[in-house]
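The values are calculated or read from the model by the stated rules, or taken from the named source; none is laboratory data. Quick caveat, the model's predicted, so the values are computed rather than measured. Cβ: placed from backbone, ideal geometry, glycine included. Neighbour counts: every protein chain shown.
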Amino acid sequence: MKKRSLTFAAAALAAVTLLAACGGSDKPTLETVKSDGVIKIGTEGTYSPFSYHDKQTNKLTGYDVEVARAVGKTLGVKVEFVESTFDAIFAGLTSNRFDAVGNQVTVTPERQKLYAFSEPYTVSEGVIVVRADNTKVKSLADLRGLTSAQSTTTTFAKLAKAAGAKVQGVEAFPQAITLVKQGRVDAVINDKLAVLEYLASTNETDVKIVGTAGEKTEQAFAFRKTDTSLANAFNKALDELRADGTLAKISQKYFQEDVSK
(Lines give C-alpha, C1' and ligand atoms only; values in the text may rest on other atoms or scores of the structure.)
Protein backbone atom coordinates (compact mmCIF):
# COMPACT_ATOMS: atom_id res chain seq x y z
CA MET A 1 0.00 0.00 0.00
CA LYS A 2 1.32 3.41 -0.95
CA LYS A 3 1.98 5.87 1.85
CA ARG A 4 -0.38 8.83 2.06
CA SER A 5 2.33 11.46 2.66
CA LEU A 6 0.70 14.55 1.15
CA THR A 7 -0.39 17.22 3.57
CA PHE A 8 -3.81 18.79 3.16
CA ALA A 9 -2.26 21.96 1.75
CA ALA A 10 -0.16 20.04 -0.74
CA ALA A 11 -3.16 17.98 -1.84
CA ALA A 12 -5.21 21.12 -2.33
CA LEU A 13 -2.43 22.70 -4.40
CA ALA A 14 -2.21 19.55 -6.52
CA ALA A 15 -5.95 19.63 -7.14
CA VAL A 16 -5.84 23.27 -8.23
CA THR A 17 -2.88 22.57 -10.52
CA LEU A 18 -4.71 19.61 -12.09
CA LEU A 19 -7.84 21.67 -12.63
CA ALA A 20 -5.86 24.42 -14.32
CA ALA A 21 -4.09 21.89 -16.52
CA CYS A 22 -7.43 20.50 -17.62
CA GLY A 23 -8.70 23.93 -18.56
CA GLY A 24 -10.96 24.23 -15.53
CA SER A 25 -12.68 27.36 -14.31
CA ASP A 26 -13.55 28.66 -10.88
CA LYS A 27 -17.05 29.36 -12.16
CA PRO A 28 -19.80 26.73 -12.27
CA THR A 29 -20.14 25.30 -15.78
CA LEU A 30 -23.72 26.57 -16.21
CA GLU A 31 -22.60 30.10 -15.38
CA THR A 32 -19.68 29.81 -17.80
CA VAL A 33 -21.91 28.45 -20.56
CA LYS A 34 -24.41 31.26 -20.08
CA SER A 35 -21.76 34.00 -19.99
CA ASP A 36 -19.87 32.62 -23.01
CA GLY A 37 -23.05 31.84 -24.93
CA VAL A 38 -21.60 28.48 -26.02
CA ILE A 39 -21.88 24.91 -24.81
CA LYS A 40 -19.49 22.23 -26.06
CA ILE A 41 -20.89 18.73 -26.43
CA GLY A 42 -18.82 15.62 -27.04
CA THR A 43 -20.14 13.17 -29.63
CA GLU A 44 -18.84 10.45 -31.96
CA GLY A 45 -19.88 11.66 -35.38
CA THR A 46 -19.73 8.06 -36.63
CA TYR A 47 -22.79 6.54 -34.94
CA SER A 48 -25.73 6.70 -37.35
CA PRO A 49 -28.54 7.62 -36.87
CA PHE A 50 -27.60 9.34 -33.62
CA SER A 51 -24.42 11.24 -34.49
CA TYR A 52 -22.92 11.08 -37.99
CA HIS A 53 -21.88 13.09 -41.04
CA ASP A 54 -24.32 13.44 -43.90
CA LYS A 55 -22.83 11.73 -46.96
CA GLN A 56 -23.82 14.55 -49.30
CA THR A 57 -22.98 17.60 -47.20
CA ASN A 58 -20.53 16.09 -44.68
CA LYS A 59 -22.31 18.12 -42.00
CA LEU A 60 -22.73 16.62 -38.55
CA THR A 61 -26.30 15.50 -37.98
CA GLY A 62 -28.37 12.78 -36.31
CA TYR A 63 -30.96 12.30 -33.59
CA ASP A 64 -28.66 13.16 -30.68
CA VAL A 65 -27.21 16.10 -32.56
CA GLU A 66 -30.65 17.57 -33.28
CA VAL A 67 -31.81 17.04 -29.69
CA ALA A 68 -28.65 18.76 -28.41
CA ARG A 69 -29.16 21.70 -30.76
CA ALA A 70 -32.78 22.01 -29.64
CA VAL A 71 -31.65 22.06 -26.00
CA GLY A 72 -29.06 24.70 -26.79
CA LYS A 73 -31.67 26.84 -28.54
CA THR A 74 -33.97 26.54 -25.53
CA LEU A 75 -31.11 27.56 -23.21
CA GLY A 76 -30.24 30.45 -25.51
CA VAL A 77 -26.69 29.27 -26.27
CA LYS A 78 -24.81 28.08 -29.33
CA VAL A 79 -23.92 24.37 -29.45
CA GLU A 80 -20.43 23.37 -30.55
CA PHE A 81 -19.70 19.67 -31.06
CA VAL A 82 -16.36 18.08 -30.27
CA GLU A 83 -15.94 14.70 -31.94
CA SER A 84 -14.37 11.79 -30.09
CA THR A 85 -14.36 8.01 -30.16
CA PHE A 86 -16.74 6.62 -27.57
CA ASP A 87 -13.93 4.90 -25.69
CA ALA A 88 -12.28 8.30 -25.10
CA ILE A 89 -15.40 10.39 -24.66
CA PHE A 90 -15.63 10.27 -20.85
CA ALA A 91 -11.95 11.16 -20.55
CA GLY A 92 -12.70 14.17 -22.72
CA LEU A 93 -15.54 15.14 -20.40
CA THR A 94 -13.50 14.87 -17.21
CA SER A 95 -10.58 16.78 -18.76
CA ASN A 96 -12.90 19.67 -19.72
CA ARG A 97 -12.61 19.22 -23.50
CA PHE A 98 -16.36 19.68 -23.52
CA ASP A 99 -19.20 20.40 -21.09
CA ALA A 100 -21.47 17.42 -21.76
CA VAL A 101 -21.70 14.18 -23.71
CA GLY A 102 -24.56 13.68 -26.18
CA ASN A 103 -24.01 10.25 -27.70
CA GLN A 104 -26.64 7.73 -26.58
CA VAL A 105 -25.00 7.31 -23.19
CA THR A 106 -26.89 4.62 -21.28
CA VAL A 107 -27.62 5.53 -17.67
CA THR A 108 -26.25 2.82 -15.36
CA PRO A 109 -25.65 2.70 -11.59
CA GLU A 110 -21.90 2.50 -12.23
CA ARG A 111 -21.89 5.62 -14.38
CA GLN A 112 -24.14 7.49 -11.97
CA LYS A 113 -21.42 7.15 -9.35
CA LEU A 114 -19.02 9.01 -11.63
CA TYR A 115 -21.15 11.42 -13.64
CA ALA A 116 -24.27 13.56 -13.45
CA PHE A 117 -27.05 12.84 -15.94
CA SER A 118 -30.01 14.62 -17.45
CA GLU A 119 -33.35 12.91 -17.60
CA PRO A 120 -33.53 10.39 -20.49
CA TYR A 121 -34.27 11.54 -24.03
CA THR A 122 -34.20 8.03 -25.55
CA VAL A 123 -35.60 4.68 -24.41
CA SER A 124 -34.39 1.59 -26.27
CA GLU A 125 -32.84 -1.87 -25.84
CA GLY A 126 -29.86 -3.83 -27.10
CA VAL A 127 -30.06 -6.45 -29.84
CA ILE A 128 -27.71 -9.21 -31.03
CA VAL A 129 -26.62 -9.08 -34.68
CA VAL A 130 -24.98 -12.00 -36.53
CA ARG A 131 -24.32 -13.08 -40.10
CA ALA A 132 -27.45 -14.03 -42.00
CA ASP A 133 -26.25 -17.64 -42.33
CA ASN A 134 -25.58 -18.01 -38.59
CA THR A 135 -28.03 -20.52 -37.08
CA LYS A 136 -26.25 -21.11 -33.78
CA VAL A 137 -26.67 -17.76 -32.03
CA LYS A 138 -30.20 -16.95 -30.88
CA SER A 139 -29.65 -15.37 -27.48
CA LEU A 140 -27.01 -13.93 -25.14
CA ALA A 141 -26.36 -17.39 -23.70
CA ASP A 142 -25.25 -18.59 -27.13
CA LEU A 143 -22.37 -16.09 -27.19
CA ARG A 144 -20.37 -18.01 -24.58
CA GLY A 145 -16.98 -18.84 -26.03
CA LEU A 146 -17.60 -16.75 -29.17
CA THR A 147 -16.27 -13.32 -30.17
CA SER A 148 -18.33 -10.12 -30.20
CA ALA A 149 -17.13 -6.84 -31.71
CA GLN A 150 -17.81 -3.94 -29.33
CA SER A 151 -16.64 -0.48 -28.31
CA THR A 152 -14.92 -1.61 -25.15
CA THR A 153 -16.34 0.97 -22.70
CA THR A 154 -20.00 0.51 -23.64
CA THR A 155 -22.76 -1.23 -21.72
CA PHE A 156 -23.05 -3.65 -24.63
CA ALA A 157 -19.43 -4.72 -24.18
CA LYS A 158 -20.17 -5.51 -20.54
CA LEU A 159 -23.20 -7.56 -21.59
CA ALA A 160 -21.09 -9.55 -24.04
CA LYS A 161 -18.40 -10.24 -21.44
CA ALA A 162 -21.01 -11.24 -18.85
CA ALA A 163 -22.41 -13.71 -21.37
CA GLY A 164 -18.99 -15.32 -21.67
CA ALA A 165 -18.00 -13.84 -25.02
CA LYS A 166 -14.57 -12.58 -25.95
CA VAL A 167 -14.75 -8.89 -26.85
CA GLN A 168 -12.83 -7.56 -29.82
CA GLY A 169 -12.54 -3.80 -29.52
CA VAL A 170 -13.75 -1.53 -32.33
CA GLU A 171 -14.15 2.23 -32.56
CA ALA A 172 -17.65 2.32 -34.08
CA PHE A 173 -20.66 0.23 -35.08
CA PRO A 174 -19.94 0.17 -38.88
CA GLN A 175 -16.56 -1.43 -38.18
CA ALA A 176 -18.24 -4.06 -35.99
CA ILE A 177 -20.78 -4.90 -38.70
CA THR A 178 -18.00 -5.27 -41.27
CA LEU A 179 -16.19 -7.77 -39.02
CA VAL A 180 -19.41 -9.76 -38.59
CA LYS A 181 -20.03 -9.83 -42.34
CA GLN A 182 -16.45 -10.98 -42.97
CA GLY A 183 -16.82 -13.77 -40.43
CA ARG A 184 -13.93 -12.41 -38.35
CA VAL A 185 -16.21 -12.14 -35.30
CA ASP A 186 -19.41 -13.95 -34.45
CA ALA A 187 -21.66 -11.11 -33.36
CA VAL A 188 -22.14 -7.53 -32.26
CA ILE A 189 -24.52 -6.20 -29.62
CA ASN A 190 -25.81 -2.70 -30.26
CA ASP A 191 -28.75 -0.38 -29.83
CA LYS A 192 -31.90 -1.62 -31.55
CA LEU A 193 -32.67 1.77 -33.09
CA ALA A 194 -29.19 2.11 -34.58
CA VAL A 195 -29.33 -1.40 -36.03
CA LEU A 196 -32.80 -0.97 -37.53
CA GLU A 197 -31.80 2.34 -39.13
CA TYR A 198 -28.64 0.73 -40.53
CA LEU A 199 -30.56 -2.21 -42.02
CA ALA A 200 -33.19 0.10 -43.52
CA SER A 201 -30.77 2.65 -44.99
CA THR A 202 -28.34 0.09 -46.46
CA ASN A 203 -30.79 -2.65 -47.46
CA GLU A 204 -28.28 -4.97 -45.82
CA THR A 205 -29.11 -8.67 -46.14
CA ASP A 206 -25.83 -10.21 -44.97
CA VAL A 207 -26.63 -9.73 -41.26
CA LYS A 208 -29.70 -10.21 -39.09
CA ILE A 209 -31.07 -9.53 -35.60
CA VAL A 210 -31.49 -12.74 -33.62
CA GLY A 211 -32.47 -11.57 -30.14
CA THR A 212 -32.51 -8.89 -27.49
CA ALA A 213 -29.74 -8.16 -24.99
CA GLY A 214 -30.63 -6.88 -21.57
CA GLU A 215 -33.57 -4.86 -20.33
CA LYS A 216 -34.93 -1.61 -21.71
CA THR A 217 -32.31 1.11 -21.47
CA GLU A 218 -32.48 4.88 -20.98
CA GLN A 219 -30.05 7.26 -22.67
CA ALA A 220 -29.26 10.76 -21.40
CA PHE A 221 -26.78 13.61 -21.57
CA ALA A 222 -23.79 13.08 -19.26
CA PHE A 223 -21.99 15.76 -17.26
CA ARG A 224 -19.16 16.00 -14.77
CA LYS A 225 -20.37 14.88 -11.36
CA THR A 226 -20.26 18.43 -9.93
CA ASP A 227 -22.27 19.96 -12.79
CA THR A 228 -25.71 19.31 -11.34
CA SER A 229 -26.84 22.84 -12.19
CA LEU A 230 -26.10 22.23 -15.86
CA ALA A 231 -27.89 18.88 -15.72
CA ASN A 232 -30.91 20.58 -14.14
CA ALA A 233 -30.90 23.23 -16.88
CA PHE A 234 -30.93 20.46 -19.49
CA ASN A 235 -33.82 18.78 -17.65
CA LYS A 236 -35.88 21.95 -17.79
CA ALA A 237 -35.11 22.35 -21.50
CA LEU A 238 -35.96 18.71 -22.23
CA ASP A 239 -39.26 19.07 -20.36
CA GLU A 240 -40.14 22.06 -22.55
CA LEU A 241 -39.12 20.24 -25.73
CA ARG A 242 -41.16 17.21 -24.73
CA ALA A 243 -44.20 19.35 -23.89
CA ASP A 244 -44.17 21.32 -27.15
CA GLY A 245 -43.70 18.19 -29.27
CA THR A 246 -40.15 18.93 -30.45
CA LEU A 247 -38.65 15.67 -29.14
CA ALA A 248 -41.47 13.63 -30.68
CA LYS A 249 -40.95 15.41 -34.02
CA ILE A 250 -37.21 14.67 -34.04
CA SER A 251 -37.94 11.04 -33.07
CA GLN A 252 -40.42 10.60 -35.88
CA LYS A 253 -37.90 11.97 -38.38
CA TYR A 254 -35.33 9.30 -37.57
CA PHE A 255 -37.36 6.33 -36.26
CA GLN A 256 -40.99 6.79 -37.38
CA GLU A 257 -42.01 6.61 -33.72
CA ASP A 258 -41.50 8.56 -30.50
CA VAL A 259 -38.48 7.08 -28.73
CA SER A 260 -38.07 9.99 -26.33
CA LYS A 261 -40.54 8.79 -23.67
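Please indicate, with yes or no, whether at least one residue in region 131-144 is assigned to a loop (DSSP other than H, G, I, E, B), among the small types (G, A, S) and farther than 20 Å from A220 by Cβ. Explain how you work it out, then say what you get.
Within region 131-144, the first condition is being assigned to a loop (DSSP other than H, G, I, E, B), and the residues that meet it are 132-139, 144.
Subsequent filtering for residues that are among the small types (G, A, S) retains 132, 139.
Cutting the leftovers down to farther than 20 Å from A220 by Cβ gives us 132, 139.
The answer is yes; a qualifying residue exists.
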Among the listed residues A176, A187, which satisfies the condition of being buried (at least 21 other Cβ atoms within 10 Å of the Cβ), over 17 Å from the mean Cα position of the chain (by Cα) and either modelled with pLDDT under 95 or of a type outside the set (S, T, Y) (or both)? A187
How many residues, within region 146-166, are assigned to a loop (DSSP other than H, G, I, E, B) and under 17 Å from R184 (Cβ atoms)? 4
Neighbours by Cβ (under 7 Å, 6+ apart or cross-chain): first from region 249-261, in contact (Cβ under 8 Å) with a residue 40 or more places away in the chain; second acidic (D, E) and outside any helix (DSSP H, G or I): S251/E257; S251/D258
Residue check, G24 against (1) at pLDDT below 60; (2) not in a loop (DSSP other than H, G, I, E, B), all met but one. Which one? (2)
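Name the residues in region 76-112 that are of a type in the set (S, T, N, Q) and either crowded, with 18+ Cβ neighbours inside 10 Å or in contact (Cβ under 8 Å) with a residue 24 or more places away in the chain (or both), would you?
Of all residues in region 76-112, those of a type in the set (S, T, N, Q) come to 84-85, 94-96, 103-104, 106, 108, 112.
Of everything in region 76-112, those that are of a type in the set (S, T, N, Q) and either crowded, with 18+ Cβ neighbours inside 10 Å or in contact (Cβ under 8 Å) with a residue 24 or more places away in the chain (or both) turn out to be S84, T85, T94, S95, N96, N103, Q104, T106, T108.
To keep it simple, each residue is scored yes or no on (1) at pLDDT below 95; (2) outside the structural domain of V195 (by TED's automatic domain parsing); (3) crowded, with 20+ Cβ neighbours inside 10 Å.
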site	(1), (2), (3)
V129	no, no, yes
A141	no, no, no
R144	no, no, no
S148	no, no, yes
F156	yes, no, yes
A160	no, no, yes
K166	no, no, no
G169	no, no, no
Output the residue which, of all residues in region 47-60 that are buried (at least 19 other Cβ atoms within 10 Å of the Cβ) and in contact with a strand residue (DSSP E or B) (Cβ under 7 Å, 6 or more places away or on another chain), is farthest from A116 (Cα to Cα). Y52
Would a scan of region 190-205 turn up a residue that is on the phi < 0 side of the Ramachandran plot, small (G, A, S) and either assigned to a strand (DSSP E or B) or touching a Cys at 6+ places or on another chain (Cβ under 9 Å) (or both)? no
Selection status of L238, touching a helix residue (DSSP H, G or I) at 6+ places or on another chain (Cβ under 6 Å), crowded, with 21+ Cβ neighbours inside 10 Å and among the hydrophobic types (A, V, I, L, M, F, W, C): no
Complete set of residues in region 68-90 that are over 13 Å from the mean Cα position of the chain (by Cα) and more than 19 Å from D36 (Cβ to Cβ): A70
I'd like to know if region 132-144 contains one or more residues that are more than 18 Å from the chain's Cα centre (by Cα), farther than 13 Å from V180 by Cβ and among the small types (G, A, S). yes
